Structures are given as structure tokens and as C-alpha cells.
Amino acid sequence: MSPYALSMLMSSLAVGTIVTLSSHHWFLAWMGLEINTLAIIPLMTKMHHPRATESATKYFLTQATASALILFSTTINAWMTGEWTIMNMTNPTPTVILTLALAIKLGIAPFHLWLPDVLQGLNMLTCLILSTWQKLAPMALMMLTSHQLNTNLLIAMALMSTIIGGWGGLNQTQMRKIMAYSSIAHLGWMILVISFAPSLALLNLLIYLVLTSSMFLMLMTLNSTNTNKLSISWLKTPTLAASMMITLMALGGLPPTSGFLPKWLILQEMTKQHLGTLSALMAMSALLSLFFYIRLSYTISMTSPPNISNSSLTWRKKKNLTYLIPILIIMSATMMPITPTLLLLN
């Protein structure tokens, strides 16, 4: 792809998200979402492969459906209230339609089926953008309207997302599908607490962005797309393979990594809301995700590839490691000490 075309598309992605984040009018927010969708589709199809075309088609159809539902719900709301402002969603019917539309946009269960298939047909850089940057605008709209959304519907979708996100990743060998199910499970934790404490949902989103970005950047550096390639990563870059284990433990939510911080605070908030049974179910569903993260860590550190070469060491070519990877790895492992500060702010 031409650098000029690539820069224009990346600028359009940034503009679309910023327009949605800074808008007070529903039509302007919808326009930002559309710019976002149309800007990423050429990035999906730049590989000129049938799988990439299939992924772009699936993504376009699901996002177009969600955008139509958003426009439909906001039009009904404007017809009932006489206002187009984002903060004024008082009627239950458009609010439920909006919640379902944003769930389709984000890939929250039971509207998650498009996400693993779409990610599997793309390259790692586009997967990174789709898993991180593309979540910002719909999640911002959900946070802005969180005090008016149906709490029972959000809790049901959150529990379903964490269970399906953990269960779906158990039998996967492709790293992109594993990261897709990881995204579904993390989104479940975010929308669980969004009605009670939007600040905790924002904290969870920020830590999810850090962990997912570091994971995808390491997979891009090691050129690992499945577990077999991951098993020889310690031969290529031992330091990065060890760092990937820390990031995987953080994604699973093990203490003392950064991934434990939002889960701890969310379960504490749910207990304060007298939702003890729900907290127990969410904690148990997190064990499903933790299992396949531990399995990946075992694959990196304790297995050898099935076709062992005659040489004792493989060729280690110099890779241009960006300074972003070490920063993200450090953030993945060392954000637990700021917990008292966050508790005071909350």
C-alpha cells in the first residue's frame, strides 16, 4: 500500500474516533463511527487474499447493521423527546436498541461471532488496530449513556461474554482467535461495572489496551501466528519470550501483575452492590481464560517444536524492536502499586 494512502487511512481512523469522542449530538457521533468503519476496510483488504476479503465483508456487514440500529434508536429517541443530545436517552425502547447496537459494534456476546473470524483473516497490525483503537468510540458512547442503560441487560451480556470468551479460547491454536476470545472476555468485565462505576470500566479499558497492544507487538516481532510457531520463540528471542509469559499472566489477571488490578476492584464494587453470586460467577469464569493463558505460557517455556533442527541454535536475526514494547511490558507487570491511589480517587 502506498504510504500516502496509508497515512490518509490512519488519519481518518484518528479523526473518526476523535469526532465521536468530542460530539454531543447523536448524528455527529454516528458520523464518526462511520468514518472509522470506512477507514479500516481498505487496511483489511490490503493483503489481497480471499480470507482478508471475507473478513472485510463480514466486518462491513456487522458494522453497517450496528450503525443502522444506532441511527434507528437515536431517531426514535429524538421523535419521543425532541432532542438529539447523547446524554438524553430516557425512553427504554431506544435505550435497549442502542445497547444491542453498541454490543454488536464491540463484539460482546451474544453478538461476538464475527470477531474471531474477522481477526483470523487479517495481519497482526490490522488485528491490533481492530482490537484496541476501534473499541474506543463505541465504548465512549456506552460510558456516556451508562447511567441510562438497562443494568440487567448489561449484566446478562457481561456474564455471557466472560463465559464464552473463556470457553471459546480453550481449544484454539491460532493466536489471533485466542486474542479475539480474550477481547470478548475483557469486554464482559468492562460492561459489567459500567452502570455502577464508569471510572472502573475506564481503568479496565486502559489496562486492556496496554496488555493487548504489548501482546500483539510481541507476536508481530516473533512472527508467531499459532502455538507451534510460539513454541520456538524462545530460540529466536529468549528475553521477549520470557516477557510474553508475564504479559499472558497479566491478561489472565494473576497477582501481582497489572491485569489483577481491574478484576480486584470490579469484584469489590460488585460485592458493595450486594451482588455476591454474580461476583462468584465472574471470578469462576475468569478461570477459563486463565487456563488457556497458562497453556500458552507452558507452550513458550516448556515445550520444544516437533521438528527439531540439527543445529543447537537457530539463526537470530536482528529485529528492530521498538521502544514501545519494553514500556508496555513494564506497564503490564508493575501497575499494582498504584491501587491505593485509585481507591482514594474512586
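The values are calculated or read from the model by the stated rules, or taken from the named source; none is laboratory data. Note that the structure is a prediction, hence the values are computed from the model and not measured. In this analysis, Cβ positions are derived from the backbone assuming ideal geometry, glycine residues included, and neighbour counts consider all displayed protein chains. Side chains are part of the model used for accessible areas, which takes the heavy atoms of the whole protein and leaves out ligands, DNA and RNA. Shrake-Rupley method; radii C 1.70, N 1.55, O 1.52, S 1.80 Å.
At a glance:
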quantity	calculated
Angle between the chain longest axis and helix 92-106 axis [Cα atoms, degrees, rounded to 10]	20 degrees
Distant-in-sequence amide H partners of ALA109 (H built 1.01 Å from N, under 5 Å)	SER161
Under the Karplus curve 6.51 cos²θ - 1.76 cosθ + 1.60, θ = phi - 60°, whole-Hz ³J(HN,Hα) for the range 214-222, x wherever Gly or Pro sits	5, 5, 5, 5, 5, 5, 5, 5, 7
Folded to 0 to 90 degrees: helix 260-272 orientation relative to the chain principal axis, Cα	30 degrees
Amide H partners (placed H, <5 Å) of ASN226, local residues excluded	MET175
CD proxy at 222 nm, helix term only [per DSSP H run n ≥ 4: -39500 (n - 2.57); per residue of the chain; nearest 500]	-24000 deg cm²/dmol
Size of electric dipole in the chain: Cβ of Lys, Arg +1 and of Asp, Glu -1, about Cα centre, debye, nearest 20	1080 debye
Acute angle (nearest 10 degrees) that the helix 276-302 long axis makes with the longest principal axis of the chain, alpha-carbon atoms	30 degrees
Apportionment of accessible area to carbon and sulfur, the range 1-69, percent (1.4 Å)	76 percent
Total lysine pairs whose alpha carbons fall under 28 Å of each other in the chain (8 or more apart, or interchain)	29
Average Cα contact separation per residue, the chain, under 8 Å, 6 or more apart, as relative contact order %	15 percent
Longest segment of the chain lacking trypsin sites (Lys or Arg not before Pro) that sit in a DSSP loop with at most 15 other Cβ atoms within 10 Å	1-315
Relative contact order (%) - the range 83-224, alpha-carbon pairs under 8 angstrom, separation at least six	29 percent
